[in-house]
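Below: one structure, written as structure tokens.
The values are calculated or read from the model by the stated rules, or taken from the named source; none is laboratory data. It should be emphasised that the depicted structure is a prediction, and the values quoted were computed from it without experimental measurement. Neighbour counts run over all protein chains shown; Cβ positions are idealised from the backbone, glycine included. Each accessible area value is taken on the protein alone, full model and side chains, heavy atoms only, with ligands, DNA and RNA left out. Shrake-Rupley method; radii C 1.70, N 1.55, O 1.52, S 1.80 Å.
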Amino acid sequence: MRKTLIAVAFAAALAGCNSQQAPAPQNQTDAGFEAKLQEQLLDAKPGSVIEIPAGHYHLRRGLSLRTDGVTIKGAGMDQTVLSFKGQVVGPEGLLVNANDFTIENLTIEDTKGDALKINHGKNITIHGVRTQWTDGSKTSNGPYGIYPVKTQNTLIEDSEAIGASDSGIYVGQSTNVIVRNNKVHGNVAGIEIENTVDADVYGNTATDNSGGILIFNMPDLLMDGHSTRVFKNTVTANNHDNFAANGSAVASVPAGSGIVVNSNPKVEIFDNDIADNKTANIIISSFYSTNYASKTGVAPNYDPYPKGIFVYGNRLKGGGDSPSGLEFKALKTALFGLSGHFPDVLWDGYSDPKFKGKELPPEDRICIQDVSGVVNADGPNGYKHPDTDMKPFQCTLPKLPAVVLNPEPKV
């Protein structure tokens, strides 16, 4: 995930735009077409609209764009497909280092590494883009599908991500983000918001991932995340085996996780339909519950505990009946029997030791309403003394403001 891990053009003349025209390819694997494609991206000017007609195009080299103010348009996700199945140069399908960038209505598939990576950009719009690996969910697939990192004012909408070995849609170290009306399936993490400030995640459908929607705050990155709203999503049956690479942060996400909050402050989860996630519909946890090993050590100002979490008004059912991992299986059986199941929320039990024996500041509490129950797993003591007391979670928190993109993208 994370320390920045994190294709393309035919053009048709548009009135009033700096557009560019590339000759139609003689066949799908024409090397001259591929070279011309990259040339159009290299020669693009601010205001250029690069159009890619319908077709299934095979490329062997990753593509890149470094010019501000460019739009890349396909004929539709099912019509314009850029395939990197035979990729031999460059890890990404399309790498963008630019501001005021829009990409829409196409598919990027079978890249060696990340499918669409956008690095250090402002005013980014991703609309109607599909990323996928067509041979199924494999560890050898690229880590990220749609992958903006270190961006500002970013919109990802009406898109689809399939088969990423880390996250289908990942937004990291960014500010002012909206992720809406997307479909994610067959990934390790469907949607992940990491070390990001002010994000709204809504209207998405996450199913058949290992974890549906993840809100993470990891150590050793340039910024800390906070203030994420997760609402009006459908998060069901995210029970896919976890196929992430060993050592990655998402490798520790239990298969069967619906919405997971890890080490984040100020997260609001409401008005979602969450069901049939076999470990738990909602998991709230600390960095200490992950197997992610920091190579440089954890910075002294990093706060590893979830704080200011408000869960309310969701529609939950099923789930928790077949948790992943021997420890969770044993915990479930000890508390609820072989045929029982965890209630809606599983908390690992880690809390800031500086408040041991004291009440947390009101703004740092974990407040949970409208659920079947909460399990405090007692992770700090090896799951020896779990409990199901709801009283510590009976509270409310101020609601977070909506994210407003400025300017609002026009697509």
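So the values come out like this:
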read-out	value
Some residue of region 93-102 being farther than 24 Å from residue 174 by Cα and either open to solvent by 20 Å² or more (accessible area, probe 1.4 Å) or more than 18 Å from the chain's Cα centre (by Cα) (or both)	no
Count - residues of region 185-241 that are more than 20 Å from residue 304 (Cα to Cα) and of a type in the set (S, T, N, Q)	11
Extreme residue, surrounded by the most Cβ atoms within 10 Å (Cβ to Cβ), among residues of region 306-320 that are among the small types (Gly, Ala, Ser) and farther than 9 Å from residue 370 by Cβ	319
Unmet criterion (only one of (1) at pLDDT 95 or above; (2) farther than 18 Å from residue 230 by Cα; (3) over 25 Å from the mean Cα position of the chain (by Cα)) for residue 396	(2)
Complete set of residues in region 333-350 that are more than 25 Å from residue 304 (Cβ to Cβ) and outside any loop (DSSP other than H, G, I, E, B)	333, 334, 335, 336
Residue list for region 53-65, restricted to those being touching a helix residue (DSSP H, G or I) at 6+ places or on another chain (Cβ under 8 Å) and within 25 Å of residue 151 (Cβ to Cβ)	59, 61, 63, 64, 65
Restricting region 346-387 to residues that are within 30 Å of the chain's Cα centre (by Cα) and polar (S, T, N, Q), the residue that is modelled with the lowest pLDDT	351
Check on residue 99, over 22 Å from residue 212 (Cβ atoms), at pLDDT 95 or above and among the polar types (S, T, N, Q)	yes
Among (1) at pLDDT 90 or above; (2) touching a His at 6+ places or on another chain (Cβ under 9 Å) - the single one residue 329 does not satisfy	(2)
Checking residue 133 against (1) in contact with a Lys or Arg (Cβ under 9 Å, 6 or more places away or on another chain); (2) under 19 Å from residue 209 (Cα atoms); (3) not acidic (Asp, Glu), the condition it does not meet	(1)
Any hit, region 215-225, residues being open to solvent by less than 10 Å² (accessible area, probe 1.4 Å), more than 21 Å from residue 401 (Cβ to Cβ) and modelled with pLDDT of 95 or more	yes
Residue 139 part of a loop (DSSP other than H, G, I, E, B), of a type in the set (Val, Ile, Thr), touching a Phe, Trp or Tyr at 6+ places or on another chain (Cβ under 6 Å) and open to solvent by 40 Å² or more (accessible area, probe 1.4 Å)	yes
Residues of region 80-129 satisfying the condition of being in a loop (DSSP other than H, G, I, E, B), in contact with a His (Cβ under 9 Å, 6 or more places away or on another chain) and more than 16 Å from residue 145 (Cβ to Cβ)	86, 97, 98, 99
Of all residues making up region 276-291, the number that are more than 18 Å from residue 381 (Cβ to Cβ) and open to solvent by 10 Å² or more (accessible area, probe 1.4 Å)	4
Pairs, first open to solvent by 60 Å² or more (accessible area, probe 1.4 Å) in region 370-398, second of a type in the set (Val, Ile, Thr), C-beta under 7 Å, six or more apart	388/374; 388/375
Residue list for region 230-265, filter: under 17 Å from residue 179 (Cβ atoms) and open to solvent by 30 Å² or more (accessible area, probe 1.4 Å)	232, 234
Test result for residue 149, over 25 Å from residue 251 (Cβ atoms) and aliphatic (A, V, I, L, M)	no
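Quick grid of which residues meet (1) in a strand (DSSP E or B); (2) buried (at least 24 other Cβ atoms within 10 Å of the Cβ); (3) at negative phi:
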site	(1), (2), (3)
170	yes, yes, yes
179	yes, yes, yes
184	yes, yes, yes
187	no, yes, yes
190	yes, yes, yes
193	yes, yes, yes
198	yes, no, no
206	yes, yes, yes
